[in-house]
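The values are calculated or read from the model by the stated rules, or taken from the named source; none is laboratory data. Since we're looking at a predicted model, the values are computed, not measured. Every residue, glycine among them, receives a Cβ derived from its backbone with ideal geometry; neighbour counts consider all protein chains shown. Please note that ligands, DNA and RNA were not included when accessible areas were found on the heavy atoms of the full protein model with its side chains. Shrake-Rupley method; radii C 1.70, N 1.55, O 1.52, S 1.80 Å.
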Amino acid sequence: ANGYYWSRWAKCIHSSHDFSDMVFVDNYIFNKDVFIQFNSTVGEFVGYTELGVHNARLFNNNPGQLQSERAEVERVCKHNAEIRQTAIADKT
């Protein structure tokens, strides 16, 4: 059980039926602490530790990575929410 714990949790959050308030949040976690986060509302990576600030700066200066992360709200969140909403609506 000794060692390091690294994970990455991404989530989509919305409350409206038309998904106009959809937000994509991507957390990079080390030893159970978020050290970098991308939030589609902010539109860039934010670092919360010394290493996180350094890496967030690198990620934000990489146009391909930043563009890819910004696109996740449309590509993943809204796409999957529409599928689930249709499946739920069809069952009622």
**Study point:** Computed helical MRE - 222 nm, the chain, DSSP H runs ≥ 4 contributing -39500 (n - 2.57), nearest 500
**Key:** -11500 deg cm²/dmol
Practice item. With springs only between Cα atoms under 10 Å apart, run a GNM on the chain and tell me which of F35, F19, F59 wobbles the most. Key: F19
Study note, to complete from the structure: Checked against the positive end of the charge dipole of the chain (+1 on Cβ of Lys and Arg, -1 on Cβ of Asp and Glu, about the Cα centre), the farthest of G47, F35, N62 is F35
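Please report, as a whole percent, how much of the solvent-accessible surface of the chain comes from carbon and sulfur atoms (probe radius 1.4 Å). Let's see the in-between values first.
On the way: 3500 of 6560 Å².
Exposed carbon and sulfur together represent 53 percent of the surface.
Nothing charged except the Cβ atoms of Lys and Arg (+1) and of Asp and Glu (-1): what's the magnitude of the dipole of the chain about its Cα centre? Round to the nearest 20 debye. Intermediate results must be reported in sequence, preceding the final value.
On the way: 9 positive and 11 negative charges, 42 e Å.
The calculation lands at about 200 debye.
Scan the range 1-46 for trypsin sites (Lys or Arg not before Pro) in coil per DSSP, keeping those whose Cβ has at most 15 other Cβ atoms within 10 Å, and list them by number. Walk me through the numbers before you get to the answer.
Working: sites: R8, K11, K32; in loops: K32.
Answer in residue order: K32.
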Point to revise | Read-out Rg and Dmax of the Cα atoms in Å, derived from the coordinates shown; its label in [x] 18.8, 59; [y] 15.7, 50; [z] 13.2, 38 | key: [y]
Review point. At a probe radius of 1.4 Å, what is the per-residue accessible area of R84, in Å² to the nearest 10?
Key: 150
